Amino acid sequence: MENEENKNEKLLDVKDLSVRFYSNGREMKAVNDVSFHINKGETFGFVGESGCGKSTTSRAIIRLLADNAVVPEGEILYNGKDILKMSQAELRKVRGREIGMIFQEPMTALNPVITIKKQMYEQFIGTNMAKEEKEKKAVEMLSLVGIPNPDKRLNEYIHQFSGGMRQRAMIAITLAANPKLLIADEPTTALDVTIQDQIIKLINKIKGQLGMSVLLITHDLGVVSQMCDRVAVMYAGYFVETADTLTLFSKPRHPYTKGLIDALPSTEKKDSTLKPIQGTTPSLAELPPGCPFAPRCPYCEAICNEKMPVMKEVEPRHFSRCHFSEKLIGATGLISAEGGDK
Amino acid sequence: MSEAKKLVEIKHLKKNFPIPRKITDVLTHKPAKSVKAVDDISIDIYEDEILALVGESGCGKSSFARTIIRLYDPDSGEIIMNGKDITKLSRSELRPLKKDSQMVFQDPYSSLNPRMTVGDMLKEEFLYHHICSKEEVNGKIADILEKVGLSQDAADRFPSEFSGGQRQRIGIARALAVNPKFLVTDEPVSALDISIQAQILNLLKELQKEYSLTILFISHNLNVVYYIADRVAVMYLGKIMELGSTRDIYGNPLHPYTNILIKSSPNLDPRKRDEAPAIQGNPPSPIDVPPGCRFASRCPKAKDICFKEMPELKEIQPGHICACHLYD
């Protein structure tokens, strides 16, 4: 929030990105026509249920997709340069250095048979840092993320850490390369609520200190609320709504967002009955011709089953992909737009 | 609650899991260690209520649940169901009682037999517990599938053909097939997406009313518990720290740990962001629990006595009990 002058400088600009997977002769439309940008110093969130394409989109950004994935169209401009057109050598300078990534499960993301120190030092390859400098930086990173006795813990292995400490160690290793963009894929999902709280606050704090941008992937609306400046709601590989966090939670304009909000149990809700979204998510191999949410949508009309709606700007900087988004004007959100206090 | 009948009475229940000793430990006469998963818990569960048990991972909530339906054998204490102490019963004596208490597990992927069709699974339940004759079994299966919101053709399909939410419905159908009085659900919605989670929560609520079930609902998610539970018990390292009605626990939490748990839950209002976390540090290991209050080492309000003496559970307000020296 502090870097107001940086705010409108786009660090990452993704245009019309699509991803297809091919398996057993079937085409899976995992990501469809996704466009968004992340400004410098901003936290942008993808939220959606499992299989909606949020992780696939984030992996496409750093070209970490499996071999059976194809990106038929789109541009991923990082500082104005298209990541999709980079050579392997150019990509290596960006991936893991300019753009770092942390994952849900540190035990599988980090190497169990080499020490934290060695994994941290891998980030310094090609930097001409002296040995003492590396050591100093490594200790500094561990203390930055709040690991006690950093000089001792540096020589330990990941299994010697507790769940929350593992996540901290992974963050420290990723940040050692000074990334400008941190992609965090469900960073707190495997953690207990008190530890989740610590990691959320840690990422928020470090982001401010280092002036990074963050791309957060989560299914948890509470985590979104506590971390993100702007959010995109994903469904069946499509962005269905994007807005700043407060607007999205207080004035949702897509039936799916509204459905998620109504289905979420919360201690802050006055209305006590949950309204589940009926049915289940469609298979990505057999997406309907119209809106993918139509079969489950309470506002569905004939046109929804025939024509895919486009992303419309329903309010300044608030986009919704729905033929009938105006029907949702005045719908109750998760929180009220007025007044920040309880 | 005063006139409500107790369905299960648990008195001083203990369950330890011994830690395997190394040969060097035995030779050097190091004492045997154990994890005190359930450490002297006494609690009454009333008929027709949904009692939630909340706590962080490793606090012993699942061990407690499994012990009270005797999936684990307790080390000491009593579990009185229908006036009978079930801790003393042998396996064969326990068998007719098993259908009174059933369990729904967290992971609908691993708690169903992948080689059996849903119909076969349910048939086994009905016939093993002599719920009905072979001729009636197909009708019974159809009934229970309808109750949990599955289509009739589900009986001929295997668990792998269902989505996560549908599998959880199968798990619930299997548990309810034998008309239990007491249902233990261990994180039944944690593996599910938000939209599906709401379907299952509503289903559990409906079934609870319809069958007058008593449910012990284990969860780490305070928002889910707030929605479904009548009473809430907060557990930390094998002990109950606080127990009260859902309204009291959320509206007026007495124990500092309960307070911190509630504060740690991410607030849904982006305007309410704190910079500092509600609590630092991790829960201590359940192997060498310090004397005194389990929570003292992390408690912002800890006094000297908290490190020396374990506080007893006391009724602070009617129906609201708490184990904390703050209320001595």
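The values are calculated or read from the model by the stated rules, or taken from the named source; none is laboratory data. Note that this is a predicted model, so its numbers are computed, not measured. Counting neighbours? That spans all protein chains shown, and the Cβs are built from the backbone with ideal geometry, glycine included.
Being among the charged types (D, E, K, R) and in contact (Cβ under 8 Å) with a residue 12 or more places away in the chain is the filter here; which residues of the range B:212-263 pass it?
Scanning the range B:212-263 gives B:Asp230, B:Arg231, B:Lys239, B:Glu242, B:Asp248, B:Lys263.
The rows are residues; the columns are (1) assigned to a strand (DSSP E or B); (2) modelled with pLDDT of 95 or more.
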{"residue": "B:Leu53", "(1), (2)": "yes, yes"}
{"residue": "B:Gly58", "(1), (2)": "no, no"}
{"residue": "B:Ser62", "(1), (2)": "no, no"}
{"residue": "B:Leu97", "(1), (2)": "no, no"}
{"residue": "B:Met103", "(1), (2)": "yes, no"}
{"residue": "B:Asp107", "(1), (2)": "no, no"}
{"residue": "B:Leu112", "(1), (2)": "no, no"}
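Residues of the range A:217-237 being more than 8 Å from every other protein chain (Cβ to nearest Cβ) and outside any helix (DSSP H, G or I), which ones?
Once the filter is applied, which keeps residues that are more than 8 Å from every other protein chain (Cβ to nearest Cβ) and outside any helix (DSSP H, G or I), the range A:217-237 yields A:Ile217, A:Thr218, A:Asp229, A:Arg230, A:Val231, A:Ala232, A:Val233, A:Met234, A:Tyr235, A:Ala236, A:Gly237.
Inspect all residues belonging to the range B:268-285 and state whether any of them is assigned to a loop (DSSP other than H, G, I, E, B), surrounded by fewer than 19 Cβ atoms within 10 Å (Cβ to Cβ) and away from chain A (no Cβ under 14 Å).
No, there is no match, as no residue in the range B:268-285 is assigned to a loop (DSSP other than H, G, I, E, B), surrounded by fewer than 19 Cβ atoms within 10 Å (Cβ to Cβ) and away from chain A (no Cβ under 14 Å).
Just one of B:Gly238, B:Gly164 is touching a helix residue (DSSP H, G or I) at 6+ places or on another chain (Cβ under 9 Å) and at pLDDT below 90; which is it?
Exactly one of B:Gly238, B:Gly164 is touching a helix residue (DSSP H, G or I) at 6+ places or on another chain (Cβ under 9 Å) and at pLDDT below 90, namely B:Gly164.
Which one of these is in a loop (DSSP other than H, G, I, E, B) and either in contact (Cβ under 8 Å) with a residue 60 or more places away in the chain or within 14 Å of another protein chain (Cβ to nearest Cβ) (or both): A:Gly51, A:Gly100?
A:Gly51
In the range A:120-128, is there at least one residue being surrounded by fewer than 18 Cβ atoms within 10 Å (Cβ to Cβ) and either touching a Phe, Trp or Tyr at 6+ places or on another chain (Cβ under 8 Å) or among the hydroxyl-bearing types (Ser, Thr, Tyr) (or both)?
The answer is yes; a qualifying residue exists.
Hey, can you tell me all the residues within the range B:184-215 that are within 24 Å of B:Ser57 (Cα to Cα), in a helix (DSSP H, G or I) and more than 14 Å from chain A (Cβ to nearest Cβ)?
Result: no residue meets the conditions.
For the range B:179-202, what are the residues that are in contact (Cβ under 8 Å) with a residue 24 or more places away in the chain and either under 22 Å from B:His129 (Cα atoms) or over 18 Å from the mean Cα position of the chain (by Cα) (or both)?
Within the range B:179-202, B:Asn179, B:Pro180, B:Lys181, B:Phe182, B:Leu183, B:Val184, B:Thr185, B:Asp193, B:Ile196, B:Gln199 qualify.
Which of the residues spanning the range A:135-146 are free of Cβ contacts under 8 Å to residues at least 60 places away in the same chain, surrounded by 16 or more Cβ atoms within 10 Å (Cβ to Cβ) and part of a helix (DSSP H, G or I)?
A:Glu135, A:Lys137, A:Ala138, A:Val139, A:Met141, A:Leu142
Read through the list (1) over 30 Å from B:Tyr46 (Cα atoms); (2) not in a loop (DSSP other than H, G, I, E, B), then give the number of the only condition that B:Ile316 fails.
B:Ile316 satisfies all of (1) over 30 Å from B:Tyr46 (Cα atoms); (2) not in a loop (DSSP other than H, G, I, E, B) except (1).
Do any residues in the range A:314-338 that are in a strand (DSSP E or B) have Cβ atoms under 6 Å from those of residues that are hydroxyl-bearing (Ser, Thr, Tyr), where the two are at least six apart or on different chains, and which pairs are they?
A:Val314/A:Ser320; A:Val314/A:Ser325; A:His318/A:Thr247; A:Phe319/A:Thr242
Across the range A:147-163, what is the total count of residues that are away from chain B (no Cβ under 14 Å) and part of a loop (DSSP other than H, G, I, E, B)?
4
Of all residues in the range A:54-79, which are part of a loop (DSSP other than H, G, I, E, B) and either touching a residue at least 40 places away in the same chain (Cβ under 8 Å) or within 21 Å of B:Ile194 (Cα to Cα) (or both)?
Selection gives A:Ile62, A:Leu65, A:Ala66, A:Asn68, A:Val71, A:Pro72, A:Glu73, A:Gly74, A:Asn79.
Quick check on the range A:87-97. Is at least one of its residues exposed (fewer than 15 other Cβ atoms within 10 Å of the Cβ), out of contact with any Lys or Arg (no Cβ under 8 Å at 6 or more places or on another chain), under 23 Å from A:Gly211 (Cα atoms) and not basic (Lys, Arg)?
No, that holds for no residue.
Would you mind finding the one in B:Ile23, B:Ile19, B:Ile43 that is over 21 Å from the mean Cα position of the chain (by Cα) and touching a residue at least 12 places away in the same chain (Cβ under 8 Å)?
Answer to the check: B:Ile19.
All but one of (1) within 14 Å of chain A (Cβ to nearest Cβ); (2) surrounded by 17 or more Cβ atoms within 10 Å (Cβ to Cβ); (3) of a type in the set (Asp, Glu) hold for B:Glu125; state the number of the condition that does not hold.
(1)
Might you check whether a residue that is part of a helix (DSSP H, G or I), more than 18 Å from the chain's Cα centre (by Cα), on the phi < 0 side of the Ramachandran plot and within 12 Å of chain B (Cβ to nearest Cβ) occurs anywhere in the range A:263-271?
Taking the range A:263-271 and keeping what is part of a helix (DSSP H, G or I), we get A:263.
Those still in the list that are more than 18 Å from the chain's Cα centre (by Cα) too: A:263.
This time we only want the ones that are on the phi < 0 side of the Ramachandran plot, so: A:263.
From the residues that got through so far, the ones that are within 12 Å of chain B (Cβ to nearest Cβ) too are A:263.
Yes, the range A:263-271 has at least one match.
For the range A:286-342, what are the residues that are within 14 Å of another protein chain (Cβ to nearest Cβ) and loosely packed, with under 15 Cβ neighbours inside 10 Å?
Of everything in the range A:286-342, those that are within 14 Å of another protein chain (Cβ to nearest Cβ) and loosely packed, with under 15 Cβ neighbours inside 10 Å turn out to be A:Pro298, A:Ser336, A:Ala337, A:Glu338, A:Gly339, A:Gly340, A:Asp341, A:Lys342.
How many residues does the range B:216-257 contain that are within 10 Å of chain A (Cβ to nearest Cβ) and either under 23 Å from A:Ile277 (Cα atoms) or not in a helix (DSSP H, G or I) (or both)?
So the answer is 9.
Among the residues that make up the range B:27-34, is at least one of them at negative phi and in a helix (DSSP H, G or I)?
Yes, there is a match, as at least one residue in the range B:27-34 is at negative phi and in a helix (DSSP H, G or I).
Among the residues that make up the range A:231-249, is at least one of them buried (at least 19 other Cβ atoms within 10 Å of the Cβ) and of a type in the set (Asp, Glu)?
yes
Considering only the range A:164-203, how many residues are part of a helix (DSSP H, G or I), touching a residue at least 40 places away in the same chain (Cβ under 8 Å) and facing chain B (nearest Cβ under 10 Å)? Explain how you work it out, then say what you get.
Our first condition is that a residue be part of a helix (DSSP H, G or I); within the range A:164-203, this holds for A:164-175, A:193-203.
This time we only want the ones that are touching a residue at least 40 places away in the same chain (Cβ under 8 Å), so: A:166-167, A:169-175, A:198, A:202.
Still in the running and facing chain B (nearest Cβ under 10 Å): A:198, A:202.
The number of residues fulfilling the criteria is 2.
Tell me the residue from B:Gln106, B:Gln152, B:Gln102 that is of a type outside the set (Asp, Glu) and crowded, with 22+ Cβ neighbours inside 10 Å, please.
Numbers: B:Gln106 fails: crowded, with 22+ Cβ neighbours inside 10 Å; B:Gln152 fails: crowded, with 22+ Cβ neighbours inside 10 Å.
Every option except B:Gln102 fails the conditions.
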